[in-house]
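**Student:** Quick one: the structure is below, and I'll ask about it shortly.
The values are calculated or read from the model by the stated rules, or taken from the named source; none is laboratory data. A quick note: this is a predicted structure, and the numbers were derived from the prediction, not measured. A quick note on method: Cβ atoms are made from the backbone with ideal geometry, for glycine too, and the neighbour counts reach across all protein chains shown.
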Amino acid sequence: MLPGNGLPLAGGDTGEPTQPLASRPAAAVRIVRGVVRLLTSLDYRSLTEFPLPDGRRADVVAIDARGAFAIVEVKSSLADFRSDGKWPCYRAFCDSFYFAVAPGFPLDLLPGDAGVIIADAFEAVVLRRPPIVVLNPGRRRALLLRFARAASARLTLVADPEFAGGRG
């Protein structure tokens, strides 16, 4: 897991994940790993625990070579799905929205207008593609800048974990 310094970036987001992946349930960590592998194979580049402009955190946000954004909401259990009502807000920040679940999850409970990914720690498969809802250009630009700055901040922390932006 990346170390973090908690310093704000432009727009009030931070480059570090807001909830370290290692602190999530093991089932969720396995699903995220499979999802990121799948998205990479589909020529997306992903960030996990990505802070959105509205203050929420998306499990996986990915961008493809054309600049299209996908958000993947990971549900590690039925209880996790039933207790989380914030995912509809994520749709405003992506061109395509997916749920990612482990094999055996009751798929009939997932909304029909969302994509579905089945994943484990080693691989994943898109079971259902979502409808594409194109982001408006201003929001796409803002998300692209946020994504680039978060990715850069995380790489900086990897290269120099003790650096605190010149403020430490």
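**Student:** So which of Ala148, Ala153 ends up being out of contact with any helix residue (DSSP H, G or I) (no Cβ under 6 Å at 6 or more places or on another chain), part of a helix (DSSP H, G or I) and over 22 Å from Leu42 (Cα atoms)? So that I can check it myself, show each step before the final result.
**Tutor:** Values: Ala148 fails: over 22 Å from Leu42 (Cα atoms).
After ruling out the rest, the residue left standing is Ala153.
**Student:** Related question: Can you pull out the residues in segment 48-84 that are assigned to a helix (DSSP H, G or I) and of a type outside the set (Phe, Trp, Tyr)?
**Tutor:** Taking segment 48-84 as the starting set, the residues that turn out to be assigned to a helix (DSSP H, G or I) are 78-83.
Passing the criteria: Leu78, Ala79, Asp80, Arg82, Ser83.
**Student:** Another question, then. May I ask you to list pairs of residues, at least six apart or on different chains, whose Cβ atoms are under 9 Å apart, with the first in segment 147-158 being under 17 Å from Cys94 (Cβ atoms) and the second being modelled with pLDDT of 95 or more and assigned to a helix (DSSP H, G or I)?
**Tutor:** Qualifying pairs under 9 Å: none.
**Student:** For Phe163, only one of the following conditions fails: (1) at pLDDT 95 or above; (2) aromatic (Phe, Trp, Tyr); (3) over 18 Å from Thr48 (Cα atoms). What is its number?
**Tutor:** Exception for Phe163: condition (1).
**Student:** So, one more: Output the residues belonging to segment 134-151 that are loosely packed, with under 12 Cβ neighbours inside 10 Å and of a type outside the set (A, V, I, L, M).
**Tutor:** Asn136, Pro137, Gly138 - these are the residues of segment 134-151 that are loosely packed, with under 12 Cβ neighbours inside 10 Å and of a type outside the set (A, V, I, L, M).
Matching residues to (1) under 21 Å from Val125 (Cβ atoms); (2) within 14 Å of the chain's Cα centre (by Cα):
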{"residue": "Arg33", "(1), (2)": "yes, yes"}
{"residue": "Arg45", "(1), (2)": "yes, yes"}
{"residue": "Val61", "(1), (2)": "yes, yes"}
{"residue": "Asp64", "(1), (2)": "yes, yes"}
{"residue": "Gly67", "(1), (2)": "no, no"}
{"residue": "Ala70", "(1), (2)": "yes, yes"}
{"residue": "Val74", "(1), (2)": "yes, yes"}
{"residue": "Arg91", "(1), (2)": "no, yes"}
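**Student:** Being closer than 22 Å to Ala28 by Cα and at pLDDT 95 or above narrows it down to one of Pro137, Pro131, Pro111, so name that one.
**Tutor:** Pro111
**Student:** Restricting attention to segment 85-96, does a residue exist that is assigned to a strand (DSSP E or B) and in contact with a strand residue (DSSP E or B) (Cβ under 6 Å, 6 or more places away or on another chain)?
**Tutor:** First pass over segment 85-96, keeping only residues assigned to a strand (DSSP E or B): 96.
Narrowing the set further to residues that are in contact with a strand residue (DSSP E or B) (Cβ under 6 Å, 6 or more places away or on another chain) leaves 96.
Within segment 85-96 (the criterion being assigned to a strand (DSSP E or B) and in contact with a strand residue (DSSP E or B) (Cβ under 6 Å, 6 or more places away or on another chain)), the answer is yes, since at least one residue qualifies.
Matching residues to (1) among the β-branched types (Val, Ile, Thr); (2) without any contact (Cβ under 8 Å) to a residue 24 or more places away in the chain; (3) buried (at least 22 other Cβ atoms within 10 Å of the Cβ):
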| position | (1), (2), (3) |
| --- | --- |
| Phe50 | no, no, yes |
| Val61 | yes, no, yes |
| Lys75 | no, no, yes |
| Asp84 | no, yes, no |
| Ser96 | no, no, no |
| Gly104 | no, yes, no |
| Arg129 | no, no, no |
| Ile132 | yes, no, no |
